[in-house]
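Written out below as structure tokens is the structure these notes cover.
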Amino acid sequence: MNYQQLLDEIASEVRPFLGQGKVADYIPALARVPGGQFGMALATVEGEVFGTGDWQTPFSVQSVTKVFTLALVLAAEGDALWRRVGREPSGNPFNSLVQLEYEKGIPRNPFINAGALVVTDRLLTQTGDAFGALRDFLRAEAGSAGIDADPEVARSEREHGHRNAALAHFLASCRNLENDVDVVLDHYFRQCALRMHCGELARATLFLARHGLRADGRRFFSRSEAKRMNAVMLTCGTYDAAGDFAYRVGLPGKSGVGGGIVAVIPGRCALCVWGPELDRSGNSVAGVEALDRFTTRTGWSVF
């Protein structure tokens, strides 16, 4: 298959979708990102990388990082995490307080904000530096030593992160945080503020396409654990639109309000798309369209 030609054709086909949706504005630093941009990258399990459009333009990774923090915690302690966070789709906005209160401080899944705060808290306990552990993992898997947090975005998140602070304090009140709330929030905000481009994110996600093998060939997960990670991504990775994403795309995926989405085709490749204009659920309009067209054109999905 001519991957480069395929990506270029898809980029051309999704151009009419640019301008649809709205750039995230609840974080002021993200509101200044120009719309009308689109990038797409594919990394094969053999290590080749192909890209089109703005695929080498760094962007704020935001909730896409939740895949990697979850992977680090599960690799270290296995299923123990699931006593503190569930694995079911939420059906509610990613920053909902109502569901967390109703379910007595046990977040529905690790990809909504409350669940990700619990995962960050656990990674902080394991490593003493949750942000550093995540950054180092991404640098190693992406093969890019320059990956780091954007201080302006981190500051903007911290100054306007009242809802996340409320979630964290409620978790603490339910004894579902082990560390100081402000410390957990600081690591969480810096994780979300990491900047990467599509090629780096596609390479970093390959361990899930390689059934748990890292870039250097070491085993990070068993095949079964990689399967379970992909399953949680499929059912919970795109906020309250996970069902629609599975219906249209048919791949495990994780989105972020910076406009990025990573997706996994086990045994074949990892994909990353980026378009900062979002739909009502917080997913990239052009990105979902591109992934839909990719799986339709190739016939590759998990179904």
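The values are calculated or read from the model by the stated rules, or taken from the named source; none is laboratory data. Keep in mind the model is a prediction, meaning the values are calculated, not measured. FYI the Cβ positions are ideal-geometry reconstructions off the backbone, even for glycines, and counts take in every protein chain you see.
Just one of (1) more than 23 Å from ASP54 (Cα to Cα); (2) at pLDDT 95 or above; (3) among the acidic types (Asp, Glu) fails for GLU289. It is (1). Of the listed requirements (1) crowded, with 21+ Cβ neighbours inside 10 Å; (2) under 15 Å from the mean Cα position of the chain (by Cα), ALA290 misses just one: (2). Of the strands (runs of 3 or more DSSP E) lying entirely inside the stretch 167-271, those containing at least 1 residues that are surrounded by fewer than 23 Cβ atoms within 10 Å (Cβ to Cβ) and in contact with a strand residue (DSSP E or B) (Cβ under 9 Å, 6 or more places away or on another chain) are 194-196.
Just the residues that are more than 30 Å from GLN126 (Cα to Cα) and over 17 Å from the mean Cα position of the chain (by Cα), please, taken from the stretch 39-56. Those that are more than 30 Å from GLN126 (Cα to Cα) and over 17 Å from the mean Cα position of the chain (by Cα): THR44, GLU46, GLY47, GLU48, VAL49, PHE50, GLY51, THR52, GLY53, ASP54, GLN56.
Among the residues examined, ASN230 does not qualify as of a type in the set (S, T, N, Q), touching a residue at least 24 places away in the same chain (Cβ under 8 Å) and under 21 Å from LEU100 (Cα atoms).
Of all the numbered requirements in (1) surrounded by 19 or more Cβ atoms within 10 Å (Cβ to Cβ); (2) of a type in the set (A, V, I, L, M, F, W, C); (3) touching a helix residue (DSSP H, G or I) at 6+ places or on another chain (Cβ under 6 Å), VAL118 misses one, and that requirement is (3). The set of residues in the stretch 1-42 that are in a strand (DSSP E or B) and out of contact with any Asp or Glu (no Cβ under 7 Å at 6 or more places or on another chain) comprises MET40, ALA41, LEU42. Considering only residues that are under 18 Å from the mean Cα position of the chain (by Cα), outside any loop (DSSP other than H, G, I, E, B), charged (D, E, K, R) and farther than 17 Å from HIS187 by Cβ, which ones fall in the stretch 88-145? The answer is GLU141, and nothing else.
Let me spell it out: the conditions are (1) more than 20 Å from GLY287 (Cβ to Cβ); (2) small (Gly, Ala, Ser); (3) modelled with pLDDT of 95 or more, and SER60 meets all of them except one. Which number is the exception? Answer for SER60: the failing condition is (1).
Only residues that are more than 21 Å from ARG195 (Cβ to Cβ) and in contact (Cβ under 8 Å) with a residue 12 or more places away in the chain were counted across the stretch 273-289, and they come to 5. Within the stretch 42-58, being closer than 20 Å to GLY258 by Cβ and without any contact (Cβ under 8 Å) to a residue 60 or more places away in the chain holds for THR52, GLY53.
Scanning the stretch 272-298 for residues that are farther than 17 Å from ILE10 by Cα and assigned to a helix (DSSP H, G or I) yields a count of 0. Just checking, how many residues over the stretch 178-196 are over 13 Å from the mean Cα position of the chain (by Cα) and either under 23 Å from ALA43 (Cα atoms) or among the acidic types (Asp, Glu) (or both)? Looking only at that region, the number is 4. Residue-level check: of (1) touching a helix residue (DSSP H, G or I) at 6+ places or on another chain (Cβ under 6 Å); (2) over 21 Å from VAL232 (Cβ atoms); (3) not polar (S, T, N, Q), CYS272 misses just (2).
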